[in-house]
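First the structure, in the form of structure tokens, and then the observations on it.
The values are calculated or read from the model by the stated rules, or taken from the named source; none is laboratory data. Owing to the predicted nature of the structure, the values given are computational and were not obtained by experimental measurement. Only protein heavy atoms, including side chains, enter the accessible area calculation; ligands, DNA and RNA are left aside. Shrake-Rupley method; radii C 1.70, N 1.55, O 1.52, S 1.80 Å.
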Amino acid sequence: MKTPPLILVKTWYQLLQSDDKSLSQKGQAMLLGAFGTMEGVAEYLKKHKLL
């Protein structure tokens, strides 16, 4: 599986953490689309020392 660029994942993760519900949902949707599960997202973020 090819992963998206790190800067894009960082942006989506920042959106996920937003207080704005629609931005948070968009970030989650993009991360899930790229990694399939939140566990997959977490593994990627840990691997790149973002979590």
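Odds and ends about this structure:
- In the context of the full set of protein chains, residues of the chain present 73 Å² of accessible surface per residue (probe radius 1.4 Å, heavy atoms only).
- Taking each DSSP H run with n ≥ 4 as -39500 (n - 2.57) and averaging over every residue of the chain yields -22000 deg cm²/dmol at 222 nm.
- Rg over Rh for the chain works out to 0.94, both radii taken from alpha-carbon positions and Rh defined as the Kirkwood radius.
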